[in-house]
1. Answer yes if at least one residue in segment 37-51 is free of Cβ contacts under 8 Å to residues at least 60 places away in the same chain, of a type outside the set (Gly, Ala, Ser), out of contact with any helix residue (DSSP H, G or I) (no Cβ under 9 Å at 6 or more places or on another chain) and over 30 Å from Ala223 (Cβ atoms), and no otherwise.
2. Report, by residue number, each residue of segment 2-24 that is assigned to a helix (DSSP H, G or I) and modelled with pLDDT under 95.
3. Scan segment 77-106 for residues that are among the aliphatic types (A, V, I, L, M) and at pLDDT below 85 and report the count.
4. Considering only segment 61-153, give the strands (runs of 3 or more DSSP E) lying wholly within it that have at least 1 residues that are surrounded by fewer than 16 Cβ atoms within 10 Å (Cβ to Cβ) and in contact (Cβ under 8 Å) with a residue 24 or more places away in the chain.
5. Kindly evaluate Arg123 against the criterion of being charged (D, E, K, R), closer than 25 Å to Ala197 by Cβ and in the same structural domain as Cys10 (by TED's automatic domain parsing).
6. Would you point out the residue of segment 157-171, among those that are crowded, with 22+ Cβ neighbours inside 10 Å and among the aliphatic types (A, V, I, L, M), that is nearest to Gln105 (Cα to Cα)?
7. Could you please find all residues in segment 236-268 being of a type in the set (Ser, Thr, Tyr) and in contact with a helix residue (DSSP H, G or I) (Cβ under 8 Å, 6 or more places away or on another chain)?
8. May I ask you to say which residue of Leu228, Leu216 is touching a Leu at 6+ places or on another chain (Cβ under 6 Å) and either on the phi > 0 side of the Ramachandran plot or surrounded by 14 or more Cβ atoms within 10 Å (Cβ to Cβ) (or both)?
Amino acid sequence: MSDTTHTNNCKNHLSIVIVEPQGALNVGAIARVMKNMGLFRLVLVNPQCDYLGEEAQRMAVHAKDILAQAKLVDSLATALAPCQRIIATTARERTLRSPLETPRQALPWLLAPNLPSALVFGREDSGLSNEELNHAHRFVKIPVDPGYSALNLAQAVAVCAYELHQASLAPVPPVSAPQEAVMPPVPDQVMPLADAASLDRYYQHLEKTLLDIQVLYPHTAAARMAKLKRIYQRSGLSEDELALLRGILGQVDWLSQQLAAQNSHCHQPSGEL
């Protein structure tokens, strides 16, 4: 495979996801820099601006096709449903109990050929919520001068798009090269990774089961599930591994129902003689 082919293929399945963008000028600028760097899949989650309006078109210049082809969705979960590798951008260091990496360290991980992936950016004023961050496997923070650390949304996309483009130009590593050295810290797997939609269904099943058997309680379920999700997201579950876990939950559900039926039978009042 030539380097040119590698450059084209490795970006074909990568989406730039923007959650609730508020400025049409920003969206237009994002489309322009995406086209500059050979990125074409723009996903907008519940945009709060006219992303096809005059301001966006003016900023996009020759990238109006990126705006016209942008995918519009109503939730981040929908945007990420087919993705197997997800990186979120954030400036949160104290509230996020996961390592923050630089774009140069983390973003090459998104460029595996034929693997649906996404790079997620939050709102201009508040970024991504903790719940939204829980969808990601890894997290990126752009290193800037602490004297003025606030980056404009379009500028943040530009920095990351540039790093993705530079990473895509690198020669394909030989098959014998250790994969951990190419894309740390999450090792590649031979089996296909589970996509975000499958993981979401598993999390819903897990929460219901843990509530049923009283490992979780309603008033603390959200916080505990957030911690469990972080564990699973770091592990990079394959489709087969997720199926195994779903099977275990199914068996736990069955046993729980059997015990509930036995207890109900034992506590039934005896009939009159």
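The values are calculated or read from the model by the stated rules, or taken from the named source; none is laboratory data. Quick caveat: nothing in here was measured; it's all calculated off a predicted structure. Every residue, glycine among them, receives a Cβ derived from its backbone with ideal geometry; neighbour counts consider all protein chains shown.
1. no
2. Matches in segment 2-24: Asp3, Thr4, Thr5, His6, Thr7, Asn8, Asn9.
3. Of the residues in that region, 2 qualify.
4. Correct list: 71-73.
5. yes
6. In this case the residue turns out to be Leu164.
7. Ser256
8. Leu216
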